[in-house]
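Notes follow the structure.
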């Protein structure tokens, strides 16, 4: 089945361009377009897309705020940011919402397609121009070395342990008797709670809190 996508951007020309680009692929289906945060939340609830392609700068709720609300309402929904902002602080803030990736608008079309498929496989995709930002944790990060561990559910801990051992979402699903989509949801929830954005940070966290 094709990946069902909701495009959320306040520029009509951008939405039209994305519809033309993505609509030409048999494995992708554009189910709707939104021009602001409020409309994104409404259409996501009505249309139940697999993925929301979300801009950061939008009226009636920024992309960051919208992503947080989407995660609360539909934790299984995949959110991929597509933005003009090449800002490390925004990158970290975006990924702390549980989003599956961050692509900048000057990316090649092939990179956006790669990001969409990676996100729907449960991976985190960050545009190559921004990957250096992942190596620098901003001072506003929720994570502090030695800080008390946020309350993770037993299932989130199971997923964390399998993730840091190098298992894929599909392998974790098989080991725990869950669907891949459920594993993706648990993964997004725990990374959002911990304020982490990479497997390396997950390993560090697991070591600090004796969860290996």
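The values are calculated or read from the model by the stated rules, or taken from the named source; none is laboratory data. All figures in this text were calculated on a predicted structure; none of them were measured in a lab. Cβ coordinates were reconstructed from backbone atoms using ideal geometry, including for glycine residues, and neighbour counts include every protein chain displayed.
Could you tell me whether residue 48 is touching a residue at least 40 places away in the same chain (Cβ under 8 Å) and loosely packed, with under 14 Cβ neighbours inside 10 Å? Write out each step before concluding.
Details: touching a residue at least 40 places away in the same chain (Cβ under 8 Å): yes; loosely packed, with under 14 Cβ neighbours inside 10 Å: yes.
The answer is yes for residue 48.
Against the condition over 30 Å from residue 25 (Cα atoms), more than 18 Å from the chain's Cα centre (by Cα) and either modelled with pLDDT of 85 or more or surrounded by 15 or more Cβ atoms within 10 Å (Cβ to Cβ) (or both), how does residue 159 come out, does it pass?
Details: over 30 Å from residue 25 (Cα atoms): yes; more than 18 Å from the chain's Cα centre (by Cα): no; either modelled with pLDDT of 85 or more or surrounded by 15 or more Cβ atoms within 10 Å (Cβ to Cβ) (or both): yes.
It is false that residue 159 is over 30 Å from residue 25 (Cα atoms), more than 18 Å from the chain's Cα centre (by Cα) and either modelled with pLDDT of 85 or more or surrounded by 15 or more Cβ atoms within 10 Å (Cβ to Cβ) (or both).
Keeping to the range 107-129, report how many residues are surrounded by fewer than 18 Cβ atoms within 10 Å (Cβ to Cβ) and at pLDDT below 85.
Number of matching residues: 3.
Might you check whether a residue that is assigned to a strand (DSSP E or B), modelled with pLDDT of 90 or more and farther than 22 Å from residue 185 by Cβ occurs anywhere in the range 48-57? Outline the logic, then answer.
Of the residues in the range 48-57, the ones assigned to a strand (DSSP E or B) are 51-54.
After this cut, where a residue has to be modelled with pLDDT of 90 or more as well, the list is 51-54.
Now drop any that are not farther than 22 Å from residue 185 by Cβ, which leaves none.
No, because not a single residue in the range 48-57 is assigned to a strand (DSSP E or B), modelled with pLDDT of 90 or more and farther than 22 Å from residue 185 by Cβ.
For the range 162-179: of the residues being at pLDDT below 80 and touching a helix residue (DSSP H, G or I) at 6+ places or on another chain (Cβ under 6 Å), which is surrounded by the fewest Cβ atoms within 10 Å (Cβ to Cβ)?
Residue satisfying both the conditions and the ranking: 164.
Evaluate the range 30-47: report whether one residue or more is out of contact with any strand residue (DSSP E or B) (no Cβ under 7 Å at 6 or more places or on another chain), assigned by TED's automatic domain parsing to the domain that holds residue 87 and under 21 Å from residue 111 (Cβ atoms).
Filtering the range 30-47 for residues out of contact with any strand residue (DSSP E or B) (no Cβ under 7 Å at 6 or more places or on another chain) gives 35-39, 41-42, 45-46.
Of the ones still in play, those that are also assigned by TED's automatic domain parsing to the domain that holds residue 87 are 35-39, 41-42, 45-46.
Now narrow it down to the ones that are under 21 Å from residue 111 (Cβ atoms): none.
No: zero hits.
Kindly indicate the residue of the range 59-85 that is part of a loop (DSSP other than H, G, I, E, B) and in contact with a helix residue (DSSP H, G or I) (Cβ under 6 Å, 6 or more places away or on another chain) and also surrounded by the most Cβ atoms within 10 Å (Cβ to Cβ) among those meeting that condition. Steps first, please.
Step one: filter the range 59-85 for residues part of a loop (DSSP other than H, G, I, E, B), giving 59-62, 74-77, 84-85.
Now restrict to residues that are in contact with a helix residue (DSSP H, G or I) (Cβ under 6 Å, 6 or more places away or on another chain): 60-61, 75-77.
Details: 60: 15, 61: 17, 75: 15, 76: 14, 77: 23.
Filtering first and then ranking leaves 77.
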